[in-house]
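First comes the structure, then the notes that go with it.
The values are calculated or read from the model by the stated rules, or taken from the named source; none is laboratory data. Only a predicted model underlies this, so the values are computations on that prediction, with no experimental measurement involved. Cβ atoms come from the backbone with ideal geometry, glycine included; neighbour counts cover every protein chain shown.
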Amino acid sequence: GKSTLFNAIAGHKALTSNFPGTSYKHTHSKVNVEGRFLNVVDLPGTYSLNPSEPAEKVVLSHIFQEKPDLIINVVDASIMGRSLELTLELIELGYPMIVALNMVDLAEKKGVHIDPKKLEKLLGVRVVPTVASHGRGIKQLLEAASFCLDHPCPATSPPWTGDVEEEISGLAERLPAEIIVAGNPRFTAIKLIEASATFCVEVLAEAEPGLKSALDLAKKRIENKRRAPAYEVIAAERHHLALKFSEQSSRVRRGKQLSWDERVDDIIMHPILGYPILVLIFLAFFFLIFKIGGPIEGALLGPMARLRTLLSGWLGAGLAFHLADGLIQGIGGGAAIVLPYFVPLLFFMAFLEDLGYLARAGFLLDTFMHRIGLHGKSISPFILGFGCNVPAVLSTRILESPRDRTITSLLIPFIPCSARTTIILALVAFYLGPAWALGFY
């Protein structure tokens, strides 16, 4: 719900820019709050400050370089226990922060009732419940942001279990000022114990041998006591706190009946029924595209044929006629064959995306896509390829892995786009027969 929340704040005024030196985009907007203009930036989604994907690394780099005055951490209220792990990492970072507890309506539908004041007390940061899709809580969120900018209150990390907390505090005290990340020794110590590659390589390169020895000893003591790798202990501590805060600030009402949305979701995501439904939906999808595109194509080609006849009468059969005829058929013919099918495809793709079905289709097809070395998320560019291969290749930017983007881009040209489909189904079927057309397709 992060981008939905940003759109509710920024509306039509949002601008899209690339991060310096990268192909990753972010959206930003100036928002007027009580006469003050705030520059709001929608960063790519991330679930951890230990980035594994290039987009996540860009987010972290932006936070450290730009040093935002305030972070708005969007938490999914319907899965709060899992979402709070990133919140705790951001609190460790020590920047001023507000938690936007989004999708509280979905949490309530699941029978989960959250007490924002209780959660606020546990986390030590301001918590504002919102429903971004309906605009609920947006005004209160902006007012809270304005207040926090006037009265900055950096988040304070809650204490961890005694032995782990002792090792973190001891290491933090030994860190020299020049290697402390974001001016926060506690955050730096946690990341060093966690062995985060993003931080360790840079920090330890400048560290003294004595500090490296102290770090190794701290990790060894944690591992000996907990009988687990230090990074797992840190992750477990954070996970434990997230679940603890989630349980203490919410109550679950048992025995609630499934909503209509949840019943539909259970059917379309069924391990057996889900696949026939997927096939039927996409058959209907392409049937409607060709049903709509066919008459439009005929309506566009008809006037072009009449114009060609008129030009033949005016210009004769000379060079001028052939030049004009080539121009009409090259530009007009291409538009008449492609656009009537491509535009409805984009419309229906957006419709399925808004319904949330494309994400579910990606989940259903994830196992199959793994067999060709991809993930289910690649299904969206493949479907777009049936309309036109060029924007389909461009849309591979939604894939996080360069490997996935490369494989998907190489496979998309094998998908028959709307223009090729028209040629195959019309000309090949006319001259060679339906069996040949099906074989070519």
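A few notes on this one:
- Residue within region 414-437 that is closer than 21 Å to residue 356 by Cα and in a helix (DSSP H, G or I) present: no
- Residue that is surrounded by the fewest Cβ atoms within 10 Å (Cβ to Cβ), among those in region 29-57 that are under 30 Å from residue 82 (Cα atoms) and at pLDDT below 80: 52
- Filter result for residue 346 (touching a residue at least 40 places away in the same chain (Cβ under 8 Å), surrounded by fewer than 18 Cβ atoms within 10 Å (Cβ to Cβ) and over 18 Å from the mean Cα position of the chain (by Cα)): yes
- Selection status of residue 383, hydrophobic (A, V, I, L, M, F, W, C) and either in contact with a strand residue (DSSP E or B) (Cβ under 7 Å, 6 or more places away or on another chain) or crowded, with 19+ Cβ neighbours inside 10 Å (or both): yes
For every residue, the table says whether it meets (1) part of a helix (DSSP H, G or I); (2) within 30 Å of residue 385 (Cβ to Cβ); (3) acidic (Asp, Glu); (4) touching a Leu at 6+ places or on another chain (Cβ under 8 Å).
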{"site": "219", "(1), (2), (3), (4)": "yes, no, no, no"}
{"site": "266", "(1), (2), (3), (4)": "yes, no, yes, yes"}
{"site": "277", "(1), (2), (3), (4)": "yes, yes, no, no"}
{"site": "284", "(1), (2), (3), (4)": "yes, yes, no, no"}
{"site": "290", "(1), (2), (3), (4)": "yes, yes, no, no"}
{"site": "308", "(1), (2), (3), (4)": "yes, no, no, no"}
{"site": "326", "(1), (2), (3), (4)": "yes, yes, no, no"}
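- Residue-level analysis places residue 376 among those that are among the small types (Gly, Ala, Ser), buried (at least 19 other Cβ atoms within 10 Å of the Cβ) and in contact (Cβ under 8 Å) with a residue 12 or more places away in the chain.
- Matching residues in region 92-103 - criterion: being of a type in the set (A, V, I, L, M, F, W, C) and within 19 Å of residue 146 (Cα to Cα): 97, 98, 99, 100, 101
- For region 388-411, filtered to residues that are under 17 Å from the mean Cα position of the chain (by Cα) and outside any helix (DSSP H, G or I), the residue that is nearest to residue 422 (Cα to Cα) is 399.
- Here residue 16 clears all of (1) at pLDDT below 80; (2) out of contact with any Lys or Arg (no Cβ under 6 Å at 6 or more places or on another chain); (3) not in a loop (DSSP other than H, G, I, E, B) except the condition numbered (2).
- The set of residues from region 103-123 being assigned to a loop (DSSP other than H, G, I, E, B) and either over 23 Å from residue 88 (Cβ atoms) or at pLDDT 90 or above (or both) comprises 103, 111, 115.
- Which numbered condition residue 281 fails, given (1) at pLDDT 80 or above; (2) under 25 Å from residue 336 (Cβ atoms): (2)
- Checking each residue in region 305-323 for being surrounded by 15 or more Cβ atoms within 10 Å (Cβ to Cβ) and modelled with pLDDT of 75 or more picks out no residue at all.
- All told, residue 144 meets the bar of being closer than 21 Å to residue 39 by Cβ, in a helix (DSSP H, G or I), outside the structural domain of residue 227 (by TED's automatic domain parsing) and of a type in the set (Gly, Ala, Ser).
- Among residues that are modelled with pLDDT of 80 or more, crowded, with 16+ Cβ neighbours inside 10 Å, farther than 27 Å from residue 109 by Cα and among the hydrophobic types (A, V, I, L, M, F, W, C), residue 70 is included.
- Meets criteria (closer than 30 Å to residue 348 by Cβ and either in a helix (DSSP H, G or I) or without any contact (Cβ under 8 Å) to a residue 12 or more places away in the chain (or both)) for residue 262: yes
- Qualifying residue in region 412-424 (condition: assigned by TED's automatic domain parsing to the domain that holds residue 383, surrounded by 12 or more Cβ atoms within 10 Å (Cβ to Cβ) and touching a Ser or Thr at 6+ places or on another chain (Cβ under 9 Å)): yes
- Qualifying residues in region 131-160 (those that are touching a helix residue (DSSP H, G or I) at 6+ places or on another chain (Cβ under 6 Å) and in contact (Cβ under 8 Å) with a residue 24 or more places away in the chain) - the one nearest to residue 107 (Cα to Cα): 131
- Members of region 113-127 that are buried (at least 21 other Cβ atoms within 10 Å of the Cβ) and touching a Lys or Arg at 6+ places or on another chain (Cβ under 8 Å): 127
- Test: residue in region 329-337 that is in a helix (DSSP H, G or I), assigned by TED's automatic domain parsing to the domain that holds residue 415 and in contact (Cβ under 8 Å) with a residue 40 or more places away in the chain: yes
- Some residue of region 386-397 being more than 24 Å from residue 337 (Cα to Cα) and of a type in the set (A, V, I, L, M, F, W, C): no
- Selection within region 410-440 - out of contact with any helix residue (DSSP H, G or I) (no Cβ under 8 Å at 6 or more places or on another chain) and under 21 Å from residue 292 (Cα atoms): 420, 423, 426, 427
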